[in-house]
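What follows is a single structure, written as structure tokens, with notes after it.
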Amino acid sequence: IQNNPSSLNAVTLLQNSTVGVVKALFSPRSLVPPLCQGLGGFEGSSQRSLQRSGTIRKTFSGGMAAVRRHSAAIAVKLQADALLNLIRRARPVFLQCVKAQTDAGGLDMRALRAQLQSTQILSALQLYRTGYPEHMLLGDFRCRFQALSPVIVKRYASVFVAHDERKAVEELLVELDLDKKSIVLGPSRVLMRRGVLQSLEKLRDQLVSGWLLHFQASCRGHLARQKYRKLKVQQMAVSCVQRNLRALRGVSRWCWWKLFCRVRPLLNVNMDNQRLRAKEDELSVLRRKLEKSEKERNDLRQTTDRLETKVTAVTCELSDERFRGDAVGQALDVERAERLRLCRENKELQTRVDQCKVAMETLEKQLEAEKQKALATESPARPATDKELAVQLECSQTEVEFVRRRLKQTEEKLEAERQAQQQLDT
């Protein structure tokens, strides 16, 4: 958004105007009194400047906000609006002076009529009587005059519930039984004819004054009853004191009363001695109890020390047992691993023994078969065949012997493994 150069130069031109009124109107803000500075809502921290914050937000929240901030017309408008609002809140009363007396001392009717017509007072009064000059917000009207109807007070007494203000005002008007032509409900306000608001205020003041009188009467009655009780107690005390004084004056001349007055201090001394002895006895009892409690406390302290020593010893033993348990657990894990390894080796050796037995049986069968073949077959070259058979027989016997030895060693090893496993199991 580009600023119009004419709007920037207009302020300077109006401040340098030859017309005194225009120049005073557009004078710099530093030359304006503090009251006028606060009216527009720009400077100052007065209540009037705070009241104009809503209008300023509405004015400076549009798309032309950058131009409006530097516009002299907007500043004048805000100042005029604030001034009107100030006058409205002050509720001023204007007096119109009329001159109807001639130089000779008589009444000039023509001049009076001309003045009344020129000031338009009669038309204003007629408009004031025929129109609705007095108005209030719906919520303010209900909150101010709902006290005139107890039903409305009970129905709309809650502050935490959002009520329909228009409906509440309609019900209040029905309860008050006012003339329908004297009051008109608008979208957000109650419009009233001349005198209606004043009559409602009088009714409200009468009701409130009655409440205040009743409240004052209740408070005064409560204070009077309290004062009466206090005076009654004081009167009883005074009568009691007087009765005792009369009795004292009656017996003060008796001889036995004089004797009693002389003996009574001695009785007090004896009573004091008795009280002192009783206190000493109580003190001795308390001392014995204190000694007994001290002895019990020492015994408990020794017992506590002994138990703490035992707890320390038991804790040490427990830590040792835990260490031993950890060591035994580790040894047990090692033994379990060794046992598993020996079981696997035992199974392997058992399978090897079975294989050797099978191989030995096979060799024996082959040896028997070879023997039978050697006996059954006959040939010219018998000596050479016998030698070969003898060599084969020796070889077979050697192999059988070797297999027997390996089988024996395997059985011995298997027996040793079984014994070791039995020892581990035990």
**Fill in**
Other residues with Cβ under 15 Å from the Cβ of residue 116 give, with Lys and Arg +1 and Asp and Glu -1, a net charge of +2
**Request:** Could you calculate the FRET efficiency of residue 417 with residue 390 from 1/(1 + (r/R0)^6), where r is the beta carbon distance between them and R0 is 56 Å, rounded to 0.05?
**Result:** 0.90
**Item:** Karplus-derived 3J(HN,Hα), 6.51/-1.76/1.60, for each residue of the range 193-205, Hz, glycine and proline x
**Value:** 6, 5, x, 5, 5, 5, 5, 5, 5, 5, 4, 5, 5
**Prompt:** Using a Förster distance of 51 Å, how high is the FRET efficiency between residue 397 and residue 337, based on the Cβ-Cβ distance and rounded to 0.05?
**Reply:** 0.70
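Where does the charge balance sit around residue 221 when Lys and Arg score +1, Asp and Glu -1, over other residues with C-beta under 14 Å from its C-beta?
Values: positive: 220, 225, 227, 229; negative: none.
Net charge around residue 221: +4.
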**Sites residue 83 and residue 199 - FRET efficiency at Förster radius 45 Å, r taken between beta-carbons, to 0.05** = 0.85
**Under Karplus coefficients 6.51, -1.76 and 1.60, residue-wise ³J(HN,Hα) of the range 321-332 in Hz, glycine/proline x** = 4, 5, 5, 5, x, 5, 5, 4, x, 5, 5, 5
**Item:** Approximate shape of the range 283-364 as ellipsoid semi-axes (Cα gyration tensor, √5λ), whole Å, largest first
**Value:** 76, 9, 5
**Prompt:** Given H placed on each backbone N at 1.01 Å, which residues far from residue 134 in sequence or on other chains put an amide H within less than 5 Å of it?
**Reply:** 192
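Calculate the all-directions average of the projected area of the range 173-275's alpha-carbon convex hull, and give it in nm². Intermediate values should be presented prior to the final figure.
On the way: hull surface 65.6 nm².
The orientation-averaged projected area of the Cα hull of the range 173-275 comes to 16.4 nm².
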**Prompt:** Taking a threshold of 20 Å on the Cα-Cα distance, which of the pairs 373/408; 154/181; 357/413 fall above it?
**Reply:** 373/408; 154/181
**Complete:** Descending packing, highest mean Cβ count within 10 Å first, for 96-109, 332-345 is 332-345, 96-109
**Prompt:** Residue by residue, what Karplus-based ³J(HN,Hα) values in Hz, rounded to whole numbers, does the range 415-425 have, using 6.51, -1.76 and 1.60 with θ = phi - 60° and x for Gly and Pro?
**Reply:** 5, 5, 5, 5, 4, 4, 5, 5, 5, 5, 5
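If we count every other residue with Cβ under 14 angstrom of residue 313's Cβ, Lys/Arg +1 and Asp/Glu -1, where does the sum land?
Details: positive: 306, 310; negative: 305, 308, 317, 320, 321.
Local net charge: -3.
For the range 247-324, which chymotrypsin sites (Phe, Trp or Tyr not before Pro) are both in a DSSP coil and crowded by at most 13 other Cβ atoms within 10 Å?
On the way: sites: 254, 256, 257, 260, 323; in loops: 254.
Passing sites in the range 247-324 are 254.
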**Message:** List the aspartates and glutamates whose Cα sits under 20 Å from the Cα of residue 167, skipping any in the same chain fewer than 8 residues away.
**Reply:** 140, 175, 177, 179
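None of the figures in this text is laboratory data; all of them are computed from the coordinates on show. Owing to the predicted nature of the structure, the values given are computational and were not obtained by experimental measurement. In this analysis, Cβ positions are derived from the backbone assuming ideal geometry, glycine residues included, and neighbour counts consider all displayed protein chains.
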